[in-house]
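The values are calculated or read from the model by the stated rules, or taken from the named source; none is laboratory data. Everything numeric here is computed off the predicted structure, so don't read it as measured data. Every residue, glycine as well, gets a Cβ built from its backbone with ideal geometry; the counts of neighbours run over all protein chains shown. In case anyone asks, the SASA skips ligands and DNA or RNA and just uses the protein heavy atoms, side chains included. Shrake-Rupley method; radii C 1.70, N 1.55, O 1.52, S 1.80 Å.
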Amino acid sequence: MKLGLKRDEIRVEPYTVEWKEEFHRVKQVILNSTPIHESRIEHVGSTAIKGMVAKPIIDLVVGVDDIENVDQAIFQGLKTAGFFRLRVQRPNEIVLAKFNNETYEEKTHIIHLVAYNKELWKNLIFFRDYLNAIKTARDQYSDLKRKFLEENNGGIDEYTSYKEQFVRGIFAKRDNYQK
């Protein structure tokens, strides 16, 4: 398994169980380096969905009590674990990344630091769980990704925008969904 994408590179790989194993390895490193509780670190994104093609980057959501006042011990611990805060500006979220080497050119892991058990946390977890449970949705999302790669040569912003309507549609199902 080779993880990592360069800035603005878009590539998807077939699902591998190694992504789940890598999440568990990195989660343990984070637990050993920070005061974050185990229940507040989850594997999200396409690498957390069985059978899903995905960018070869492990996405984690990490929940904190107050996203506006994150304990500096958390940032220090995440830095010790190899994660660096990015300049990305997103509402209610702080983004950190781990890179494959000191050139910082190829991201291998991304942390979405969010308020624990609030809207964004719930949406990210629901998206993962819904696509793991509903094969037709999983297939539609895989097809959407492949279609983008066949028809476009844009970067990450275009890729994210291309998928946004689908993702928001899944988020909208959260209140009505019953397993």
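Figures for the structure shown
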{"quantity": "Selection from the range 142-179 of residues that are among the aromatic types (Phe, Trp, Tyr) and within 14 Å of Lys55 (Cα to Cα)", "calculated": "Phe148, Tyr159"}
{"quantity": "Test: residue in the range 1-23 that is touching a Phe, Trp or Tyr at 6+ places or on another chain (Cβ under 6 Å), modelled with pLDDT under 95 and either within 24 Å of Leu149 (Cα to Cα) or among the aromatic types (Phe, Trp, Tyr) (or both)", "calculated": "yes"}
{"quantity": "Looking only at the range 69-98, and only at residues there that are under 20 Å from His43 (Cβ atoms) and among the charged types (D, E, K, R), the one that is surrounded by the most Cβ atoms within 10 Å (Cβ to Cβ)", "calculated": "Lys98"}
{"quantity": "Flag if Leu144 is of a type in the set (A, V, I, L, M, F, W, C) and within 18 Å of Glu9 (Cα to Cα)", "calculated": "yes"}
{"quantity": "Condition met for Asp66 (buried (at least 19 other Cβ atoms within 10 Å of the Cβ), of a type in the set (Asp, Glu) and closer than 12 Å to Leu113 by Cα)", "calculated": "no"}
{"quantity": "Selection count where residues are in contact (Cβ under 8 Å) with a residue 40 or more places away in the chain and open to solvent by less than 10 Å² (accessible area, probe 1.4 Å), scope the range 22-42", "calculated": "2"}
{"quantity": "Boolean, Arg138 is basic (Lys, Arg), touching a residue at least 24 places away in the same chain (Cβ under 8 Å), in a loop (DSSP other than H, G, I, E, B) and surrounded by 14 or more Cβ atoms within 10 Å (Cβ to Cβ)", "calculated": "no"}
{"quantity": "Residue within the range 43-54 that is in contact with a strand residue (DSSP E or B) (Cβ under 7 Å, 6 or more places away or on another chain), open to solvent by 30 Å² or more (accessible area, probe 1.4 Å) and in contact (Cβ under 8 Å) with a residue 24 or more places away in the chain present", "calculated": "no"}
{"quantity": "Evaluation of Asp157 against (1) open to solvent by 40 Å² or more (accessible area, probe 1.4 Å); (2) under 18 Å from the mean Cα position of the chain (by Cα); (3) at pLDDT 85 or above (one fails), failing number", "calculated": "(3)"}
{"quantity": "Total residues in the range 99-125, condition among the hydrophobic types (A, V, I, L, M, F, W, C) and farther than 14 Å from His43 by Cβ", "calculated": "5"}
